[in-house]
1. Does any residue of segment B:327-341 lose at least 20 Å² of accessible area with all protein chains in place compared with its chain alone, and if so which ones (probe 1.4 Å)?
2. Averaged across the residues of B:264-276, what count of C-beta atoms belonging to other chains lies within 10 Å of each residue's C-beta?
3. Which sequence of B:Trp539, B:Trp279 reflects their accessible areas, 1.4 Å probe, from the largest down?
4. One quarter of the convex hull surface, Cα atoms only: what value does that give for chain B in nm²?
5. For chain A, what is the relative contact order in percent, using Cα pairs closer than 8 Å and at least 6 residues apart in sequence?
6. Per DSSP helix of 4 or more residues, -39500 (n - 2.57); summed, then divided by the residues of chain A. What does that give at 222 nm, rounded to the nearest 500?
7. Can you give me the relative contact order of segment B:254-315 as a percent, contacts being Cα pairs under 8 Å and 6 or more apart?
8. Shielding by partners for A:120-131, please: the mean number of other protein chain Cβ atoms within 10 Å of each residue's Cβ.
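The values are calculated or read from the model by the stated rules, or taken from the named source; none is laboratory data. Predicted model, so just to flag it, every value in this text is computed and none were measured. Positions of Cβ are backbone-derived with ideal geometry, glycine not excepted, and every protein chain shown enters the neighbour counts. Heavy atoms of the whole protein, side chains included, go into the accessibility calculation; ligands, DNA and RNA do not. Shrake-Rupley method; radii C 1.70, N 1.55, O 1.52, S 1.80 Å.
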Amino acid sequence: MNAVAIARGDLRARLGTRKGRVVQLAFAGAVWLVALLGVAPDREGESPLAPVSVGLLVVVAYLVTASAAGEIAFPGEKAVADLVDSPFSAWQVALGKGLSTAGFALLCTAACWPLLWFVHALRGGSWEGAASQAAVLLAVSWGFGGVATWIAAAVDSEVSRSVLLWGLVVVVLAGAPLVGSWAWHPAHAVLPSADGWARAVCAASFGLLGVVGLWLVQRHVARSRQPR
Amino acid sequence: MPEVRRKPRPGLAWGFAAALVVLSPSSAWAVQVGLQARVGWDGWVKYGTWNPVVVDVSAAEEFQGWLEVEVTQEFGTQRVQLRAPLQLPAGGRRRWQFAAWLSDARRPVRVRAVDPAGRVVGETEVGLSPERAAASLVGYLGDEPPVPPRQAEGGGSRVVARLSEEDLPHRPSAYASLDLLVLERLDPTRVNADQRDALETWVLHGGRVVASGPLDPEAFPWMRIGREATAAVPATDLVSVRADAVQRLVPEPGRRPVLERGRIVAVVGAHGLGQVARWAVPAARVPPTSPLWLLVLPRPQPQQGPPEPQPRAKAPLGTAAAWLGAYALLWFLATSFADGRLSRWLVAAPVLLVAAAGIPAVADQVRQAATVLDVRGGRVVVDGRGWARGWGFAVAPYRGPYTYTLPAASAVWVSGQFEEATVTFQPDRTVLRVWQEAGARLRVSWERMERLDPAPTVRWEQEAVLVRDAGVRAEGLVVFRGRVSNLEPAGAELVGRRWAALPASLEAVEALRWVRADADTIMEVRPVAAFPDPSSGGWRFIVGPAP
């Protein structure tokens, strides 16, 4: 229950505060703008569905990662560093942060899914295709969110933290496809033409990445509490 | 050993009966509809144009549903379904007629009755074959079929189709596959008002009829073009009309007699843009080499229609932005209201779910906004009968189903890039539903007829053309004998008297050429008033009689 309390506090800060609402408004605007690109006609077999899918992935992954890392700081939200001195156990802190990341990622994905479905439906597609893509959005943003929570806790310097976090995100999202064409890479797995197994592998990999990130958070909290 | 009596288990029997109800094919409970169909003229068809499809429908019980005629095109790669609402009382019989564009000689025309649940409750098919296709078709009502020239003018064979009164179409468009109708016997009591109207409308707009037998002048007054004299003419003088006796015909005023070696053997008269001929001998006695056939058989005319525009797929950004913006705003309001509290999310989530459930409908609406037909067309009015032809062009911006709404039409032809199209004829409109790939082009053409009351008139009088009851007061022009004049109001009429040479390119003239291949001939011999007609995407033409 203590973990739920941490998650509830985070979500209230991200949705209920003035800054949280401004961020949500900006997020809704960004998603609307990206979805609007999907209305462009298909030309010579090229559909804007692919760039729209990648665009939504970037928007959702950015917001969830930035919120988890404290890059977008919401008033009243407790960072991992603040929770080190709390009576919660290290696992409760990690679990609470994991729940808040998962809840926020679910919320952002849920906001995108109808718009993604709209772009699909415009082309005679079904909701299942959009839901399968949304699962990739959810897993990738959760994975990045987990790692971002750990980096935010482990790296003290704000500049180093930002460079490390966004460097990692850019390398994974943009750099990896330059090295090789992996079907399970998020930029491929989120495409409407991706195979089901590729999406499953991608979702599982990033799910695991999130779990690893939270395990690192737990370890960091536990170590921080040890007397020096 | 005591006798073991099995207890009766009515529950088991009921369960078995219920299982039978559930597992039995649902059609067992559907009303069965009897269908009999025939295509073309006495089994003969002409490809590349509209042919009549006649379906006799009967049902023992009351039935309400759809009648579907399915034709294939493009070597079987395209299917077009023509649908009409079907309503029959218990024990009712009804005849339905469609005008179907035929282009595939090897696949049958399928006819189905479908109930509102989509179940097929009656089915039949009519086989087509290349052996029953002709380049030119002559319809004949009588006992002794004529023998026209066997070779059609454009190549291919000419065939005589023996018809009865019941075979005469109810829709003028179905006559498109008939070059000539020869009537030696026509019982007016076996021809209903729709058939009579369709026949006259077809002739008024270019159809050709030969009347060579006794016809009821009261029932078909427009066929009266010659008075028959009693004196028989010796046939020895005639080369082409080999008959023992040829009745002499006296043309009525304004009609043109046809002479062969000094004898009048036929009278030819115009009725609107069409032609009615009266022969003095039974058609069977007119040999294929007779010039009488040349007079009545039409020359092959090139395919009509406007040049295909290059429509570009358009993105309906405004409509999409509004709908998606509304959803994004609703999302923002819901998250603001919920405020991260679970109890409030229990209220906000259903609202968002309901909004999300409407997404396919929104997508459908946006898709429809993206595909507005680029319509061209024109209406020609002759003696108060209008015949409108329209063409619509579209390019699908996305892959998916599209719905196009056309005016109430009597015949529709769909071509282009698609696999399946459904044309639903409704009293007030025609709905075309077609699945298209992204970038696929669609061309749809339709025809519809109308009767104007009062009938607009155009007449030539002292170097001026006067137009009455046109329905508009200005913006019209009149074309006649290579000249054009604007129409100006003069009392209750419009007058065109300021003549100028017809320019090389005039929009109205081009539009008339789309709808009438013989437009230049018409404008040369008859005054034609033209008015812009936004409802048909083109022009309305009122054709006057030849001075």
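1. By number: B:Tyr327, B:Ala328, B:Trp331, B:Phe332, B:Thr335, B:Ser336, B:Asp339, B:Gly340, B:Arg341.
2. On the way: counts 0, 0, 0, 0, 0, 0, 0, 0, 0, 0, 0, 0, 0.
Taking all residues of B:264-276 together, the mean is 0.
3. Details: B:Trp539 30, B:Trp279 10 Å².
Accessible-area ranking of B:Trp539, B:Trp279, largest first: B:Trp539, B:Trp279.
4. On the way: hull surface 171.4 nm².
Projected over every direction and averaged, the Cα hull of chain B covers 42.8 nm².
5. 27
6. On the way: 10 runs with 171 residues, N = 228.
Calculated at 222 nm, the ellipticity per residue is -25000 deg cm²/dmol.
7. Values: 42 pairs, mean separation 11.0, N = 62.
Value for segment B:254-315: 18 percent.
8. Details: counts 4, 10, 14, 9, 12, 5, 1, 4, 0, 0, 1, 0.
Mean partner-chain Cβ count within 10 Å for A:120-131: 5.
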